[in-house]
Amino acid sequence: SQLNVCEEIDSDLKSSKRMYRILQGDVGSGKTIVACLAALNVIESNFQTALMAPTEILAQQHFNFFYNLIKKTNLKINISILTGKTDKNKKKKILEDVKNNKIDFLIGTHALFQKNIEFKNLGLIVIDEQHKFGVQQRIRFARKGNTNCDVLLMSATPIPRTMIMSIYGDMDTSKLT
């Protein structure tokens, strides 16, 4: 099912229509690796990717996973992490680098949708445990990209509101089984 979901997402990314998709799967089903492959496709097309997680611990886990995976390849991808606890000087440098397209992949927490974050060329946002963010928070984060910025939501816990959105066509659904 990972391959099928990757094909669905890849098809969305190639289309001129904005992707708004939720990826559902149990813990350990491979949501993170699917998101990584989507991010790499977007970065390869010269766009930035940002992944938002609800906690610093989860953001750090994602950063470590992606950083170590990318490090094993010969890909030249600049990846960084931004949370509320990021040192002031480091944060200033990250904000400058994101704005100047020197960071390809930014991972973080709620800090990613704050007003002072400006992306140069954001093509994909990924929101892990999307149900832990408010609707306005997800919208503000998505607006960091242009009107065609693709959105991939991930959840192991489908909530009623998310299920209604997928049923009535506001978002596409992919399931890892």
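The values are calculated or read from the model by the stated rules, or taken from the named source; none is laboratory data. Computed from a predicted model, the values in this text were never measured in an experiment. Each accessible area value is taken on the protein alone, full model and side chains, heavy atoms only, with ligands, DNA and RNA left out. Shrake-Rupley method; radii C 1.70, N 1.55, O 1.52, S 1.80 Å.
Observations on the model:
- Segment 3-141 - percent of accessible surface contributed by carbon and sulfur, probe 1.4 Å: 49 percent
- Long-range amide H partners of LEU153 with built H, under 5 Å: ARG21, ILE22, LEU23, ILE127
- Percentage relative contact order, segment 1-73, counting C-alpha pairs under 8 Å, at least six apart: 25 percent
- Among the listed pairs LYS85/LYS115; LYS76/LYS175; LYS72/LYS92; LYS91/LYS175; LYS90/LYS120; LYS72/LYS115, those beyond 24 Å (Cα-Cα): LYS76/LYS175; LYS72/LYS92; LYS91/LYS175; LYS72/LYS115
- Inter-part distance where segment 1-18 and segment 21-74 are each reduced to a Cα centre, Å: 15 Å
- At a probe radius of 1.4 angstrom, the accessible area of segment 58-135 per residue rounds to 56 square angstrom.
- Computed lengthening from THR147 to LYS115, 0.36 nm per intervening residue step minus Cα-Cα distance: 9.8 nm
- Available extension along the chain between LYS175 and LYS17 is 54.8 nm, counting 0.36 nm per residue and deducting the alpha carbon span.
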